[in-house]
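The values are calculated or read from the model by the stated rules, or taken from the named source; none is laboratory data. Nothing here was measured: the structure is a model prediction, and the numbers come from that model. Quick reminder, even Gly has a Cβ in these numbers, built from the backbone with ideal geometry, and neighbours come from all protein chains shown. With ligands, DNA and RNA removed, areas are computed over all heavy atoms of the protein, side chains included. Shrake-Rupley method; radii C 1.70, N 1.55, O 1.52, S 1.80 Å.
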Amino acid sequence: MMKSMSTVVVGLCTVVTILSRAHSDLTVYPSAGVLFVHVLEREHFKGEFPPYPKSGDGSNDPITFNTNLMGYPDRPGWLRYIQRTPHSDGVLYGSPTAEHVGKPTVIEITAYNRRTFETARHNLVINIMATEEFSLPYQAEFYIKNMNVEEMLASEVLGDFLGAVKNVWQPERLNAINITSALDRGGRVPLPINNLKEGVYVMVGADVPFSSCLREVESPHNQLRCSQEMEPVISCDKKFRAQFHIDWCKISLVDTNKVVPVYITRAEPGTGILPDFGEYNPPPETLKSRNYFSDFLITLAVPSAVALVLFFILGYSMCCRREGVEKRNMQTPDIQLVHHSSIQKSTKELRTMSKNREISWPLSTLPVFNPVSGEVVPPIHPDNYETTSMPLMQTQTNLQNQITIPQQRPSGDNYVMSTFQRLEVNGIPEERKVAEALNL
């Protein structure tokens, strides 16, 4: 059973950040107010599962972890857990507070093999130690845009970041206090393009006041640029830019010496025993009778009366106040009535004629007898003539099958030529209409 405790050393600054790896049931001793990281290695838990009977590579089984406080369904409030994929290690991380000092915390770690459905369980005992001997009153929180939380929790990456902060701040003691994913602060999940990251907040603490470089973000010029969503001008940004992209507008500088503590007064708990109000007096078995006539009037009679009144008003308006046909005709001008009556008579006559199609043809469709030449001229519009495409004002040049006959001038003996249309059906002149015209 092995337990590895790694300490990150940055120059002259010792980072008291606990990094442990799960190999068995073990006990760790993190410090209050200092970042705690515990790695759950898949390689160790693979040995806890029996060998897979089928052929295949059993070394790459998907394994997930479930962590909870013993006897409870979830972890303590200060402890977080992340595992990006079933093929990556899990990480427990958080920053315990002073109120957890001296209270052993037992975390149950359950590993699930997603291929064989086997499980393995270990316990992690966390004993939180006090840190009054070295206080860190000056705390700065940085927002790193190009990192995910599991990448920042790696000891090498965290050591490089603390080394860059030490070069800017120049403290005697510098510790990582807490790391929080931007998603836990209300951030949005980035799109899977251009290798975008979720972002991570890293809080560090030191024993000396903030350097002038860190306070440059508080200048009015940089505050104005931040309000306009522009990057502020920070002289020490180049010391981070090579590996860490920091959003200087979201940096937070806190001096705990100037923070006024807020004391919350809590009510003292009682004994849990209700005061004596005497003996319980239940209601009698026989209840007093109640008259529901008034309720009936309110709920049924009143709405019915209102509906009846509305019914009579509507009936009077529709039946008793109608003008009638006689009154309407008296108020209508006579010329309008005559015009309307003539339209009705013409419409009725046209409908009667359309029903009886055996009647004589109208005169406009019969041949015309020329008294001068003695010829019978067929009608202008024969039976087979298409009238839908005929122009309204038709000229003699538009007509087909035209016949030219002479006409005598009224004042002399000279003749003029008139043009009439000759009607033929299948090449034979229609004589039936000519006979009908002569009989007329």
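Under 13 Å from a label point 7 Å along Cα→Cβ of residue 239: give me every residue in the range 166-199 with its amide N that close. Answer for this model: 166-172.
Which of the residue pairs 166/197; 46/103; 166/258; 166/239 have a Cα-Cα distance greater than 20 Å in the structure shown? From 166/197; 46/103; 166/258; 166/239, over 20 Å: 166/197; 46/103; 166/258. Go ahead and run the numbers for FRET between residue 316 and residue 286, Cβ-Cβ distance against an R0 of 56 Å, rounding to 0.05. So, using R0 = 56 Å, E works out to roughly 0.55.
Solvent-accessible area assigned to carbon and sulfur over the range 138-255 amounts to 49 percent, based on a 1.4 Å probe. Taking label points 7 Å from Cα along the Cα-to-Cβ direction, residue 218 and residue 337 give a separation of 10.1 nm. Suppose every Lys and Arg Cβ carries +1 and every Asp and Glu Cβ carries -1, with no other charges. What dipole size does the range 22-128 come out with about its Cα centre, to the nearest 20 debye? That gives the range 22-128 a dipole magnitude of about 200 debye. Projecting label points 7 angstrom from Cα along Cα→Cβ for residue 195 and residue 230 puts them 3.0 nm apart.
Taking a ≥ b ≥ c as the square roots of the Cα gyration tensor eigenvalues, the range 138-255 comes out oblate, since a/c reaches at least 1.5 and a/b does not exceed b/c.
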